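One structure is given below, encoded as structure tokens.
Here, each number is a calculation from the coordinates, and none is a lab measurement. Keep in mind that what you see is a predicted model, and the values were worked out from it rather than measured. Backbone-built Cβ (ideal geometry, glycine too); neighbour counts: all protein chains shown.
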Amino acid sequence: MSIEKQVDPGRRGLLVATCAAGGVAGLATAGAFVSTFQPSERAKAAGAPVEADIADLKPGEMKIVEWRGKPVWILKRTPEMMESLNKTEDKVADPKSLKEYSMPMPEYCKNQHRSRVEHKEILVTVGICTHLGCSPGKKFEPGPQASLPDDWQGGFLCPCHGSTFDLAARVYKNKPAPDNLDIPPHMYLSDTKILIGKDEKGEA
Amino acid sequence: MAFVEKKLPADAPIAAKALNWVDSRFPLTKLWNDQWGQYYAPKNFNFWYIFGSLAMLVLVLQIVTGIFLVMHYKPDANLAFASVETTIMRDVPWGWLVRYMHSTGASAFFIIIYLHMTRGLLYGSYRKPRELIWLFGVAIFLCLMGEAFFGYLLPWGQMSYWGAQVIVNLFGAIPFIGPDLSLWIRGDYVVSDATLNRFFSFHVIAIPLVLLGLVAAHLIALHEIGSSNPDGVEVKETLGPDGHPLDSIPSHPYYSVHDIFGVSVFLLVFSAVIFFAPEMGGYFLEANNFIPADSLKTPPHIAPVWYFTPYYSILRATTSQFVYALEVGVAAYAALIFFKTKLPSLLKMVAVGAAVVIIIAFNVFEAKFFGVVLMGVSVMILAGLPWLDQSPVKSIRYRPSWHKYVYIVFGIAFVTLGYLGIQPPNDLRTEIAQVCTFIYFGFFLLMPWWSAMGTFKPVPTRVTFHAH
């Protein structure tokens, strides 16, 4: 006697419906577990702007402040450093900062020096490599040195995969990192105080 | 059917009666005999066949030491580093020993597994009918890599932190969903306490459970089909009068004794490392990991632990210029499939279509995405071995002699990639890594052709065995 002959279509239909309903409930439960992986409300709220005091920053010096858990570099560039940007202009992949990495480029920084015009020597940038998220190191001294080209103009070198950036944090061509470093929204509260994470248009 | 218990004589020893009581309710003796006691294994195993047992031993070691470490470890970004370096390493009596056993065990596990896989490669252990054994093995290898990666974050040192940062960001390179995916994995905008907690959960419960299940599947499949051997001869084709293969021997006591000897040698070396060189010159425990995690500063030289470096080198070798070389490679491979295979024309068209899509994708997406893809494929391609290998014989012993050179070149390329992954990158090293990447993939992708080429030696019907 074949099995097919014993199938009760009514019961088989109910069985399929039960499995489908159970499957939906299972998927919904899985969805809840998947959602627990998202950033918690607390993590989302912890993105407040931070204030940085640059009164003690001398030309050629850099300080690091923490914003949203990431290092933000504040570099006061010397006139020679600013001059080097002309030399790197055709060596960098995106001189005009047309592409963005994790945040939109503030309008007021869309220039060669990638800083606000009223303090154009001061570079404010997120020190996280656009390749895989390491924090590049300072290599401000121009000239040939280990891991760097002989015509090095000063800039940053990422220790992880060798991406190089110029003194406006623009990435050199043919490097693993695809984009320039992020410029966070920022504004000057006074000549020596910068607010990072907020500008005239509001918080990032 | 009514429950019938085997009757033992009244004067039978109490142990025999107890075993009989259990066997009537649970197949204890049967399990032991099927899985080891009466498991007939080919008698011509050489030293390459010790690594399966050793992997089992290290798995147990890792689980036991892990249980004791969790008793003192704190999965909290503020406490983790001190709980390892101060509490476990200094305050807990013998804590340092347990920790070094666990950290050395991780590297030992990979050494053993790499040798175990080399054995499979040399003697064609993955060939029909052992494809599933091999696939379970590949899955075990993936789990092991996950286990190692998640575990590496737990000490919360600088290498833990930045290693996790880089690997999680790898997922960020996937087009469209990447950034959200890496955010979802981290549970925060940077590697943080949330990340540490979930990695802890994966490391101590999720992955080990999957791993144990896969190990059971690997062994059940192996003991169902029967082990291969250095001659690649199917011993089940020559049965003796008792119905067991003539060239096989019950694992116990013959291989039990062999394995105990192997375990002794292993433990000798293992203990020497634990007591005299637990950091192994920075290869087992990296110097930068003795500095607490600092989210604002990447160490000047960062490299993964040695067992990941070959794949990491492939990732690093994939620059935007290298993508052009890859395009040529993909086009040539599609041409090879089109002109040099006997596949149905539909499949050929699919292959050519896939190549066109891949080449277009090379031009659309960033090189860093393809670095991630190549790194993933370099591990996953192992799963294809049972079907890529078209050699008429299993074992290297009966292959044309020049096949050995192919394996040696592949081995050198793999080790070179591993070495380069430890070194800081420069232009020359990147170029060497790119050549080795081509050799690595060429070895596997061209295997259907080269593995069938040459004059094969006749395979004997019985295994080669000299009694000692």
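Per-residue ellipticity at 222 nm computed for the protein assembly as shown from its helices equals -15500 deg cm²/dmol, with DSSP H segments shorter than 4 residues left out and the rest contributing -39,500 (n - 2.57).
Where the only charges are on Cβ atoms (+1 Lys, Arg; -1 Asp, Glu), what is the dipole of the protein assembly as shown about its Cα centre, to the nearest 20 debye?
The calculation lands at about 1600 debye.
For trypsin sites (Lys or Arg not before Pro), the sites in the stretch B:329-363 that DSSP calls loop and that have at most 12 other Cβ atoms within 10 Å are B:Lys342. Here's the list of aspartates and glutamates a cross-link from B:Lys342 could span, going by alpha-carbon distance under 18 Å and ignoring same-chain residues fewer than 8 apart: B:Asp389. Using the Cβ-Cβ distance between B:Ile205 and A:Lys96 with R0 set to 35 Å, the FRET efficiency from 1/(1 + (r/R0)^6) comes to roughly 0.10. Bridging of B:Lys340 to lysines at a Cα separation below 19 Å is possible for B:Lys348, once same-chain residues fewer than 8 apart are set aside. Quick one: grab the alpha carbon gyration tensor of the stretch A:23-95, order the square roots of its eigenvalues as a ≥ b ≥ c, and give me rounded if a/c is under 1.5, else prolate or oblate depending on whether a/b is larger than b/c. Oblate shape, in that a/c is at least 1.5 and b/c is the bigger or equal ratio. In sequence order, the stretch B:50-62 has phi-based couplings of 8, 6, x, 5, 5, 4, 4, 4, 5, 4, 5, 4, 5 Hz under the Karplus curve 6.51 cos²θ - 1.76 cosθ + 1.60, θ = phi - 60°, and Gly or Pro positions carry x.
Projected onto its three principal axes, the C-alpha set of the stretch B:92-243 covers 67, 50, 24 Å, listed from the longest axis down. Hydrodynamic estimate: the Kirkwood radius of the stretch B:190-289 over Cα pairs, inserted into Stokes-Einstein at 4 °C and 1.567 mPa s, corresponds to D of 70 µm²/s. Evaluating kT/(6 pi eta Rh) at 10 °C and 1.306 mPa s, with the Kirkwood radius of the stretch B:40-135 over Cα pairs in the Stokes-Einstein relation, gives 101 µm² s⁻¹. For chain B, a/c is not less than 1.5, where a ≥ b ≥ c are the root eigenvalues of the C-alpha gyration tensor, and a/b does not top b/c. That puts it in the oblate class. Per the Debye formula on identical point scatterers at the alpha carbon atoms of the protein assembly as shown, with no solvent, log10 I(q)/I(0) at q = 0.07, 0.09, 0.10, 0.11 Å⁻¹ is -0.60, -0.94, -1.11, -1.27.
Across the stretch B:429-438, rounded Karplus estimates of 3J(HN,Hα) from the backbone phi angles (6.51 cos²θ - 1.76 cosθ + 1.60, θ = phi - 60°) give 4, 4, 5, 4, 4, 5, 4, 5, 4, 5 Hz, Gly and Pro being marked x.
Once backbone amide H atoms are built at 1.01 Å from N, A:Ile128 has A:Asp182 as its partners under 5 Å, excluding neighbours fewer than 5 places away on the same chain. With θ taken as phi - 60° and the Karplus curve 6.51 cos²θ - 1.76 cosθ + 1.60 applied, the whole-hertz 3J(HN,Hα) list for the stretch B:371-381 is x, 5, 4, 4, 4, x, 5, 4, 8, 5, 5 Hz, x standing for glycine and proline. Scaling the Cα radius of gyration of the stretch B:43-95 by the globular reference 2.2 N^0.38 Å produces a ratio of 1.70.
Two decimals, Cα atoms only, Kirkwood Rh: what is Rg/Rh over the stretch A:90-204?
Rg/Rh for the stretch A:90-204 comes to 0.97.
When only DSSP loop residues count, what trypsin sites (Lys or Arg not before Pro) in the stretch B:1-99 have their Cβ near at most 15 other Cβ atoms within 10 Å? Hits after loop and neighbour filter: B:Lys6, B:Lys7, B:Arg25.
In summary, the aspartates and glutamates within cross-link reach of B:Lys457, defined as a Cα separation below 16 angstrom excluding same-chain residues under 8 places away, comprise B:Asp231. P(r) tail, chain A: Cα-Cα pairs separated by more than 20 Å, 63% of all pairs.
Normalized C-alpha radius of gyration of the stretch B:381-468, against 2.2 N^0.38 Å?
1.38
In terms of distances greater than 19 angstrom between alpha carbons, the cross-link table entries A:Lys110/A:Lys201; A:Lys138/A:Lys175; A:Lys87/A:Lys139; A:Lys87/B:Lys368 yield A:Lys87/B:Lys368.
Close amide H partners of A:Lys193, meaning residues 5 or more places away or on another chain with modelled amide H under 5 Å apart, are A:Ile54. Partnerless cysteines in the protein assembly as shown, where a partner means another cysteine C-beta under 4.7 angstrom, comprise A:Cys19, A:Cys109, B:Cys143, B:Cys436.
Taking amide H atoms as placed 1.01 Å from N in the peptide plane, the amide H of B:Ile249 lies under 5 Å from those of B:Ala41, B:Lys43, each 5 or more residues away in sequence or on another chain.
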